[in-house]
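**Student:** The following block contains the structure, expressed as structure tokens.
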Amino acid sequence: MATQKLLRQLTVPQFQKAFPNEEACCKYLVSKRWPDGVTCPRCGAANPTKLENNPWHWQCYQCAPVSSYRFSHISGTIFENTNKPLIDWFKVAHLMLTSKKGMSALQICRYMGFGSYKTAWYMCHRIRAAMSTGDTAKLGGIVEVDETFVGGKAKNRHNSDRDGSTGGMGSGKSVVVGAVQRKGNVVARVIANVKAEALTGFVREAVADNVSPLVTDQWMGYRQLHKKYPHKVINHAQGQYVVGAVHTNTIESFWSIFKRGVMETFHKVSKKYLPLYVAEFEFRYNNRLNKDIFGAAIAGC
């Protein structure tokens, strides 16, 4: 079977040609947001009245009897209530999508010439939030599940940041669990711990019943999965890494990209915002074969 070839994303010249000005960005956003025609974001009514003297604004009179509703192309999006033009938002999104291991807010601040680091940080987090759709279909076929730990060790932290952790597996670190379908999508989430209850709950949320099979390592938190799934175990402690089709190499390759991004690009990721970074890497991975990955990101904004 021929391997799938990764599709090229927009190059810088292609991006500049597609979005030469603010008008082109507005038109593109409208086409992605309302592919079947503009509808009211409040009541969903079609064919609102376009305001000729106020570009990219519409008035919905079907929201009555409460009142009519005036809205614009950015109403209800991540671009609303910001003072940055769409073309800047599009450039930041393009930079984040074309960087396999991500791009830090500091680097984006320098590249874009923003006067404030907080501006770049805010824009990046808003775009990551848009990538976090949470509506991924359940995974089927051969599915691999594994967990990883993010963050420094508790012993290296200040006493006020240790959360009572002093030792043990993954001590002082955040837990991220992931499931990937062979040659398919990945689902990754931040969870509280690596106990059976948390891991089993994630698997039931992310994995369909008709997997063939579900592959994990030997960690005890996965032992209850055999009750619902055809569960296969690869025992790394015994030197097993590939036994026929039983391995966790696919999910581990995803962790490799994610961990290199965290360590080499962002250097430090707080526990509070870790789910947003996970969503960013998940979105890029799941759209690696999507020719219009930029359009998919803008549609989610």
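The values are calculated or read from the model by the stated rules, or taken from the named source; none is laboratory data. Being a predicted model, the structure only gives us computed values, none of them experimental. Note that each Cβ is placed from the backbone with ideal geometry, even for glycine, and that neighbours are counted across all protein chains shown.
**Student:** Quick one: is Thr3 in a loop (DSSP other than H, G, I, E, B), modelled with pLDDT of 95 or more, polar (S, T, N, Q) and not assigned by TED's automatic domain parsing to the domain that holds Arg260?
**Tutor:** So Thr3 does not fit the description; no.
**Student:** Shifting gears a bit: One residue is enough: does region 159-181 have a residue meeting the conditions modelled with pLDDT of 95 or more, exposed (fewer than 14 other Cβ atoms within 10 Å of the Cβ) and farther than 22 Å from Lys272 by Cβ?
**Tutor:** no
**Student:** Which of the residues that make up region 127-141 are loosely packed, with under 14 Cβ neighbours inside 10 Å and at pLDDT 85 or above?
**Tutor:** Ala137, Gly141, listed by residue number.
**Student:** Just for region 258-301: of the residues that are hydrophobic (A, V, I, L, M, F, W, C) and under 14 Å from Glu147 (Cα atoms), which one is nearest to the chain's Cα centre (by Cα)?
**Tutor:** So, considering only residues that are hydrophobic (A, V, I, L, M, F, W, C) and under 14 Å from Glu147 (Cα atoms), the one nearest to the chain's Cα centre (by Cα) is Val278.
**Student:** Now for a separate question. Which is surrounded by fewer than 20 Cβ atoms within 10 Å (Cβ to Cβ), of a type in the set (A, V, I, L, M, F, W, C) and out of contact with any Leu (no Cβ under 7 Å at 6 or more places or on another chain), of Met112, Met123?
**Tutor:** Unique residue meeting the criteria: Met112.
Condition check ((1) out of contact with any helix residue (DSSP H, G or I) (no Cβ under 8 Å at 6 or more places or on another chain); (2) modelled with pLDDT under 95) across all residues:
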site: Asn21; (1), (2): no, no
site: Ala24; (1), (2): no, no
site: Leu29; (1), (2): no, no
site: Arg33; (1), (2): no, no
site: Arg42; (1), (2): yes, yes
site: His57; (1), (2): yes, no
site: Cys63; (1), (2): yes, yes
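**Student:** Residue check, Leu29 against (1) within 26 Å of Phe283 (Cα to Cα); (2) not in a helix (DSSP H, G or I), all met but one. Which one?
**Tutor:** (2)
**Student:** List the number of the failed condition for Ala206; all other conditions in (1) among the hydrophobic types (A, V, I, L, M, F, W, C); (2) touching a residue at least 60 places away in the same chain (Cβ under 8 Å); (3) within 23 Å of Ser174 (Cα to Cα); (4) surrounded by fewer than 19 Cβ atoms within 10 Å (Cβ to Cβ) hold.
**Tutor:** With respect to (1) among the hydrophobic types (A, V, I, L, M, F, W, C); (2) touching a residue at least 60 places away in the same chain (Cβ under 8 Å); (3) within 23 Å of Ser174 (Cα to Cα); (4) surrounded by fewer than 19 Cβ atoms within 10 Å (Cβ to Cβ), Ala206 is out only on (4).
**Student:** Further question: Can you name every residue in region 73-96 that is in a helix (DSSP H, G or I) and either at pLDDT below 95 or among the basic types (Lys, Arg) (or both)?
**Tutor:** Residue satisfying the conditions is Lys91 alone.
**Student:** Of the numbered conditions (1) under 16 Å from Ala93 (Cβ atoms); (2) in contact (Cβ under 8 Å) with a residue 24 or more places away in the chain; (3) out of contact with any Leu (no Cβ under 8 Å at 6 or more places or on another chain), Phe258 fails exactly one; give the number of that condition.
**Tutor:** (1)
**Student:** On to the next question. Tally time: how many residues in region 229-270 are surrounded by fewer than 12 Cβ atoms within 10 Å (Cβ to Cβ), in a helix (DSSP H, G or I) and among the aliphatic types (A, V, I, L, M)?
**Tutor:** The number of residues fulfilling the criteria is 1.
**Student:** Hey, another quick one. Might you let me know whether region 43-50 holds any residue that is over 27 Å from Phe294 (Cα atoms), in contact with a Ser or Thr (Cβ under 7 Å, 6 or more places away or on another chain), part of a loop (DSSP other than H, G, I, E, B) and small (Gly, Ala, Ser)?
**Tutor:** yes
**Student:** Right, something else. When you check Ser212 against the structure, is it part of a helix (DSSP H, G or I) and of a type in the set (S, T, N, Q), yes or no?
**Tutor:** no
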